[in-house]
Every structure is written in structure tokens, then in C-alpha cells.
Amino acid sequence: RKEVEQDPGPFNVPEGATVAFNCTYSNSASQSFFWYRQDCRKEPKLLMSVYSSGNEDGRFTAQLNRASQYISLLIRDSKLSDSATYLCVVNLAMGGKLIFGQGTELSVKP
Amino acid sequence: DGGITQSPKYLFRKEGQNVTLSCEQNLNHDAMYWYRQDPGQGLRLIYYSQIVNDFQKGDIAEGYSVSREKKESFPLTVTSAQKNPTAFYLCASSPTGWGGSNTGELFFGEGSRLTVL
């Protein structure tokens, strides 16, 4: 089983849609969780950290379910500019090695 | 502007040749990393360095070598021993390394695409 596994893509949605991605992790000792965004043929950039209580940043909501060992990213009111690959990232301890998922591609169409 | 600079952006190599990818940062970060990304796969860690003059193997170090003689520089050499070197190589840095107050944010360079002909 992979350490971090994401929903296989691609997700093709119309503008304005709400879309959610899931990511499961295998190690119950994992401590910190993040979502990165990677545009086509570009470098990844941190989108948001995921906190135990869940957190929101504008149209983006991240949630953590420790019991089921998954994190999710919800995007509301999708924009064309949201088209990218979203990478789930986990580390085992604060400041520890980051494990990247394979990414979920999102394509938002007009 | 502070950041990470990788060069070259695109590189073609014949089989059997070694190539060196450059990575320079002016963020004054202690830790630097090299990742490899293949289509449909996540980033895989090749080597990392938490402090100057020290580095450790990551998950896929075979066929690669690095040096960290200066804080701002962490070059990666892809040797002829690397069986399948065609990939997108990403260099990253963070203020501290594993075990520090690392927030989980890595700052990436724009990457180098290596193609073996």
C-alpha cells in the first residue's frame, strides 16, 4: 500500500462547480498534512496546511479525519484558474520528511 | 527577489554521459532537497541536506550524487549508473531541515527537464 494515495484524476468540472479531492495515508503516526498546487510543467507551491479542526481559505476548505486516515480538499465556485494538479503531502513528525501523493489533476472548463 | 534558481531548464543527454544540474538559493535556508517527478507519480526524494557539508540519501539515491560545499548551492549529478534518468528534477529548500520548526513548506525551483536520447 502506498504511503499517500490520492483520488485518481483527472477531474473535469464546469466553472462554478464544487469539487472535492480525497487523500488517504497509511501511517497512523502521521502528524502534519498539506495540500500543494502544481500548474502544468511548473513547480509545486504550498496551497494550505490542514489542521485537525479543519480550515478554510476563501473558496478552499481542507479537512482531516484521523480515525479514517484521510484528508480532503474542497473547492467551491471553481474558476478556470483553479486548473492544476493538487498534491497531498504528509509528514510523520513535525519537521519530518514529507511524503507526496501522486497528485489529482483538475480541469475547470468554461 | 529571493528564490531558488535551477539550471538548465531543459537538458538532453546521450546514454552513458554524466550531467550536473545546478541549484542555487538566496533564501538563507539551511536545508535543501532534490526530488524527481515522473508522469502520474508523486515527488520522490533523491538526496537532502540539512546543513552545509552534510547530506543524506533519500528514497531513490542510486545513480545520483550531490555536494553541499556552500549553503546556497546543492548541485545534483545524474550519473551513467542511473538506469532511467529521463524525468523532471525539482530542487527545493526550507528554513530548517527534518526535526526543526519546519512548517512543511518547501520552496521549489522551476525544475530541470532531463531527457536521455
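The values are calculated or read from the model by the stated rules, or taken from the named source; none is laboratory data. Quick caveat: nothing in here was measured; it's all calculated off a predicted structure. Ideal geometry is used to build each Cβ from the backbone, glycine not excepted, and the neighbour counts take in all protein chains shown. SASA here: full protein model, heavy atoms, side chains in, ligands and nucleic acids out. Shrake-Rupley method; radii C 1.70, N 1.55, O 1.52, S 1.80 Å.
When only Cα pairs under 8 Å and 6 or more residues apart are kept, what is the percent relative contact order across chain B?
On the way: 298 pairs, mean separation 41.0, N = 117.
Averaging sequence separation for qualifying contacts and normalising by length gives 35 percent for chain B.
In terms of Cα atoms, the Rg and Dmax of segment B:49-90 work out to 11.0, 30 Å.
Taking the Cα atoms of chain A, the ratio Rg/Rh between the radius of gyration and the Kirkwood radius comes to 0.95. Across peptide B:37-46, the average count of Cβ atoms from other chains found within 10 Å of a residue's Cβ is 5.
If packing is taken as the mean number of other Cβ atoms within 10 Å per residue, what is the order of A:43-53, A:57-67, B:86-96, highest first? Spell out each step's value before the answer.
Details: A:43-53: 16.8, A:57-67: 14.5, B:86-96: 21.3.
Going by the mean number of other Cβ atoms within 10 Å, highest first, we get B:86-96, A:43-53, A:57-67.
Coupling constants for segment B:104-117 follow from the phi torsions by the Karplus curve (6.51 cos²θ - 1.76 cosθ + 1.60, θ = phi - 60°), and in residue order they are x, 8, 9, 9, 9, x, 7, x, 10, 9, 9, 10, 9, 8 Hz; glycine and proline get x.
Counting only heavy atoms of the protein chains, get the accessible area per residue of segment B:1-101 (1.4 Å probe) and round it to a whole Å² value. Write out the running numbers ahead of the final one.
Working: 4980 Å² over 101 residues.
On a per-residue basis, 49 Å².
The 3J(HN,Hα) values that the Karplus relation (6.51, -1.76, 1.60; θ = phi - 60°) gives for segment B:7-23 are, in residue order, 8, x, 6, 10, 8, 10, 9, 7, 4, x, 9, 8, 9, 10, 9, 8, 9 Hz. Gly and Pro appear as x.
Under a 1.4 angstrom probe, counting protein chains only, how are B:GLU69, A:GLU105, A:GLU56 ranked by accessible area, largest first?
Numbers: B:GLU69 145, A:GLU105 100, A:GLU56 125 Å².
Per-residue accessible area, sorted high to low, gives B:GLU69, A:GLU56, A:GLU105.
Near A:LEU106, the amide H atoms lying under 5 Å from its own belong to A:PHE11, A:ALA84, A:THR85, A:TYR86; only residues 5 or more places off or on other chains count, and H is placed 1.01 Å from N.
Explain nothing, just the number: relative contact order of chain A, from Cα pairs under 8 Å at least 6 residues apart, as a whole percent.
Numbers: 277 pairs, mean separation 41.4, N = 110.
Once divided by the residue count of chain A, the mean separation gives 38 percent.
The calculated Kirkwood hydrodynamic radius for chain B is 14.1 Å, given to one decimal from all distinct C-alpha pairs. Averaged per residue, segment A:55-95 has 44 square angstrom of accessible surface, using a 1.4 angstrom probe with ligands and nucleic acids left out.
Extending 7 Å from Cα along the Cβ direction at B:LYS70 and again at A:ARG41 yields two label points whose distance is 3.1 nm. Cys residues of the protein assembly as shown that find no other Cys beta carbon under 4.7 Å: A:CYS40.
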